[in-house]
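The values are calculated or read from the model by the stated rules, or taken from the named source; none is laboratory data. Predicted model, so just to flag it, every value in this text is computed and none were measured. Note that we place each Cβ from the backbone using ideal geometry, even for glycine, and neighbour counts take in every protein chain shown. Side chains included, ligands, DNA and RNA excluded: accessible areas come from the protein's heavy atoms. Shrake-Rupley method; radii C 1.70, N 1.55, O 1.52, S 1.80 Å.
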Amino acid sequence: MSATGTVVVVGGGLAGASAVGTLRDEGFTGDVVLVGAEPHLPYERPPLSKSYLAGDSTLTEAFVHAVEFYDTRDVDLRLGSPVTALDLDTHTVHVGHETIGYDRLLLATGSAARRLPPADRSGAAVAYLRTVEDADRIRAALRPGRRVVVVGGGWIGLEVAAAARGADCDVVVVEPLAQPLLRVLGEELGHAFATLHRGHGVDLRTSTGLASVTSREPGGPAVVRLDDGTATEADLLVVGIGAVPQTDLAEAAGLAVEDGVLADEHLVTSHPDVLVAGDIARAHHPAYGTRIRVEHWDNAKAQGATAARNLLGAREAYDRLPYFFTDQYDLGMEYVGHLGPEGYDELVVRGDLAGVFTAFWLRGGRVRAAMHANDWDAIDPLRAIVTAGEVDLAALRDPRVPLGDVAS
Ligand SMILES: Cc1cc2nc3c(=O)[nH]c(=O)nc-3n(C[C@H](O)[C@H](O)[C@H](O)COP(=O)(O)OP(=O)(O)OC[C@H]3O[C@@H](n4cnc5c(N)ncnc54)[C@H](O)[C@@H]3O)c2cc1C
């Protein structure tokens, strides 16, 4: 694409905001329009379940860029403006009655919280956590002695549980699998997170699902019955059972969609003038030889930048290793790699699972993923080890060998 013309970015989240910045950094002098459904400047979501939820940071601190950034780069920001339709033939996006034409389009509509219909129907006070408004609502409810039941022992559920315990709430977490985070981290690390939360006073109920949710009055406390026959009351029920990519627009426009918008390694969809980035993208990953969809901060930021360069004709393959982080109580961790549905056949742990440690997931003798807890110098060597994949396993298992020497 030439330096002129119009790029429209649909979705004012991290991926969209990252893309518009890169477009200008790369010297694009045409029109850049960012259309976002939310009324706020694009913001980062990780604080919503951590410092913001705890009342320790503000929305302004979470903005991807300050408002001057968009002004000085001449980005036409259309906030509070959900795109209602895309027309791939006429190269237009529809925002209510307005039509905006584009030469190239970036779709970055992200995900929405997966709903739990029985909880929604119960009439009880039920919350999800995706937007700043969701976080405000939960934050207002976190008062000492309040009873909070969290459905789902995934990242968001556990982070909310930690924030709620920080606010001296009584917290129950309900997780149908045998351990929290079982699908991501496996049995051993899931157990470590279970121990962490129980140690901070969370009543973690595993291997049991939700049987029913009822309420005695609309918006009032929920009576939560579990499959194991127990029941508990909640002043607030927080549902954290995953996210769903927002693909309605793409699907209605005729783009190829399958749990995400399908794309090649250049983030180009089934239409050559439409690219995708962030939570919505199921893009071919050269290192894995298959399409993957990644719902993490780092991916949204980096894919937004790669997509922007490719919108301008770069044809750069997106081959960055998936990476994410979490903070719960005094545990901070970073994880790099991708296990996929095949999982792992060996776990190597260095250090103490109750404190500072590194962990490596192997399959077929190759390191597929790695994480550290509270070992802040470890991430670069971990990345090198996962990138190498085949390393000296004796060295990996021997904690006397510095991590930095394992992949060299
Ligand atoms: C509470 C929370 C905590 C998280 N914590 C972490 C963490 O600790 N570490 C980590 O790695 N990741 C974390 N994540 C995940 C990370 O925030 C996401 O991967 C990231 O936000 C994805 O960015 P995105 O731009 O693809 O999508 P989003 O951030 O979802 O942004 C998409 C935007 O598009 C808008 N949109 C949707 N449809 C339309 C439309 N039709 N028209 C216009 N706009 C539209 C949406 O309103 C939204 O503003 C967290 C997520 C949440 C919700």
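Over the chain, give the accessible area per residue in Å² for a 1.4 Å probe, as an integer.
Ligands and nucleic acids excluded, the result is 42 Å² per residue.
Using the Cα centre as the reference, give the magnitude of the dipole from point charges on the C-beta atoms of region 310-408 (Lys, Arg: +1; Asp, Glu: -1; all else neutral), rounded to the nearest 20 debye.
Rounded to the nearest 20 debye, it is 280 debye.
Using a simple charge model, +1 on the beta-carbon of Lys and Arg, -1 on the beta-carbon of Asp and Glu, nothing else, what dipole does region 155-270 show about its Cα centre, in debye to the nearest 20?
Value, rounded to 20: 380 debye.
Based on the Kirkwood radius over alpha-carbon pairs, what value in µm²/s does the Stokes-Einstein equation return for the translational diffusion coefficient of the chain at 4 °C and 1.567 mPa s?
Answer from the Stokes-Einstein relation: 58 µm²/s.
Rounded to whole Å, give me the distance from the Cα center of region 305-343 to that of region 1-32.
So the separation of the two Cα centres works out to 21 Å.
Ranked highest first by the average count of other Cβ atoms within 10 Å around their residues, in what order do 400-406, 162-168, 132-138 fall?
The packing order, highest mean first, is 162-168, 132-138, 400-406.
Please give the per residue volume of the convex hull enclosing the alpha carbon atoms of region 115-239, rounded to a whole number of Å³.
95 Å³
Give the carbon-plus-sulfur fraction of the accessible surface of region 330-406 in %, rounded to a whole number; probe 1.4 Å, heavy atoms of protein chains only.
About 49 percent, which is the carbon plus sulfur part of the accessible surface.
Post the alpha-carbon centroid distance, region 353-405 to region 194-235, in whole angstrom.
So the separation of the two Cα centres works out to 37 Å.
Using +1 at the C-beta of Lys and Arg and -1 at the C-beta of Asp and Glu, which of Ser122, Gln179, Thr232 has the Cα lying farthest in the positive direction of the dipole of region 115-239?
Ser122
Rank Ala222, Gly332, Leu353 by how far each Cα sits towards the positive end of the charge dipole of the chain (+1 on Lys, Arg Cβ; -1 on Asp, Glu Cβ) and give me just the farthest.
Ala222
To the nearest 20 debye, what is the magnitude of the charge dipole of the chain about its Cα centre, counting +1 on the Cβ of each Lys and Arg and -1 on the Cβ of each Asp and Glu?
700 debye
Could you work out the Kirkwood radius for region 211-310, taking every pair of different alpha carbons, averaging 1/r and inverting it, reported in Å?
By the Kirkwood definition, the hydrodynamic radius is 16.2 Å.
Which percent of the accessible area of region 176-300 is formed by carbon and sulfur heavy atoms (probe 1.4 angstrom)?
Here it works out to 48 percent.
Percent of alpha carbon pairs in region 342-408 separated by more than 15 Å?
44 percent
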